[in-house]
Every structure is written in C-alpha cells, then in structure tokens.
1. Of the residues in region 27-66, how many are more than 30 Å from residue 5 (Cβ to Cβ) and either touching a strand residue (DSSP E or B) at 6+ places or on another chain (Cβ under 9 Å) or outside any loop (DSSP other than H, G, I, E, B) (or both)?
2. Working only within region 39-61, note down all residues that are charged (D, E, K, R) and open to solvent by 30 Å² or more (accessible area, probe 1.4 Å).
3. So residue 105 clears everything in (1) closer than 23 Å to residue 128 by Cα; (2) surrounded by 12 or more Cβ atoms within 10 Å (Cβ to Cβ) except one condition, right? Which one?
4. Just a yes or no: is a residue in region 10-18 on the phi > 0 side of the Ramachandran plot and out of contact with any Asp or Glu (no Cβ under 8 Å at 6 or more places or on another chain)?
5. Out of region 108-146, which residues are over 30 Å from residue 76 (Cα atoms), at pLDDT 80 or above and surrounded by 12 or more Cβ atoms within 10 Å (Cβ to Cβ)?
6. Could you tell me whether residue 24 is touching a helix residue (DSSP H, G or I) at 6+ places or on another chain (Cβ under 9 Å), farther than 23 Å from residue 151 by Cβ, open to solvent by less than 100 Å² (accessible area, probe 1.4 Å) and part of a loop (DSSP other than H, G, I, E, B)?
7. Take residue 69 and decide whether it is more than 16 Å from the chain's Cα centre (by Cα) and part of a strand (DSSP E or B).
Amino acid sequence: MKFLGNHTPENFFSTFWEKEAYYIHDAIDIPKDAVKKSDLLDMVSDEYFETRLIEDNSSKISVTDGPISIGSFEELKGKWTIMVHNLNLYNEFALKLEKIVEFVPKWLFDDVMWSYSNKGSKKNAHIDNYSVFILQVTGQRKWLIENEPDKTFKEEQDLK
C-alpha cells in the first residue's frame, strides 16, 4: 500500500514519524463537497458536537467552547478560526481520512478535526504533545514550526 506521496507505512515511520515536520503537496484527493460550510454552521451551534471558536483580537487570543449561536460566518467579527473535533464520527469523508492513516496504532490516533477561518486569522503558538497530521483542503495558511519551542506555561492565555 502506498499513500501520502507514495510512501509505504514502513518508510513513513522510519523516515518522518516523530522526527521532523514533513510537507506533501497533493497528498490525497479531496472532493470539494467533502464537508460543507452549512454543515459546519450546524455543528457549531449543536451541543452534540465538540467545537471551539478561536478569536484573535490582537492583544489576546480567546477561546469559546461550543455550542456557539451564529447564523452565518459573516456575523463573526475580527480574525477567527472555528474548530470541529471528532469529525470522523459524523462525516463519511472524514472517516475515509481516518482509514488512510489506520496503519498508525489506534492508541496514537485522536480524531479528524476540521478548522475553518477567515483571512488573516491565526492560532497562537502552542505545543502538541502528540503527532499531528494536517491536511489543508483549501485556502492558504502560513505554518511555523519551532524545533525547540519555549515550553513555559502561560496562564493568561486561553489557548495553552
């Protein structure tokens, strides 16, 4: 089985896993209607789904846990990102993404998360104490990775 830029699971683990950040252009085919914006709006306002709104109001990044009552994305002001967790439990395409990486031991797999944001938005620097796959479907985002990050806990930040 080959995937993610024609790597075998063995090659992927020995070459990249927990060693370095790795970028693969066009790693998988993603249909444009895999997840619709209207689905995201429904999920964000439903208490059944685990969601977050991350807002960057220049002096501080704030986080609001869902459900969040919004009728449209235009209602949101400033720079923002919406996160939906566990999408693989509710969306057929997200479940297919989980299957693509099922070579990863289940105890290392958390979920398929969906992020949607407006232009110029950001999440502040944070540390993921686990391995992360990021598949960017559309748009542009600048990704910065520090190999030796400052691990000082900052109590005043909503997003740790």
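The values are calculated or read from the model by the stated rules, or taken from the named source; none is laboratory data. Just so it is clear, the model here is predicted, and its values are computed rather than measured. For neighbour counting, all protein chains shown are included, and Cβ atoms are generated from backbone atoms with ideal geometry for every residue, glycine included. Areas reflect the complete protein model, heavy atoms only, side chains present, ligands, DNA and RNA absent. Shrake-Rupley method; radii C 1.70, N 1.55, O 1.52, S 1.80 Å.
1. Of the residues in region 27-66, 21 are more than 30 Å from residue 5 (Cβ to Cβ) and either touching a strand residue (DSSP E or B) at 6+ places or on another chain (Cβ under 9 Å) or outside any loop (DSSP other than H, G, I, E, B) (or both).
2. If the condition is that a residue be charged (D, E, K, R) and open to solvent by 30 Å² or more (accessible area, probe 1.4 Å), then 39, 42, 46, 47, 50, 52, 55, 60 are the ones that fit.
3. (2)
4. Yes, region 10-18 contains at least one residue that is on the phi > 0 side of the Ramachandran plot and out of contact with any Asp or Glu (no Cβ under 8 Å at 6 or more places or on another chain).
5. 109
6. no
7. Against the criterion (more than 16 Å from the chain's Cα centre (by Cα) and part of a strand (DSSP E or B)), residue 69 does not qualify.
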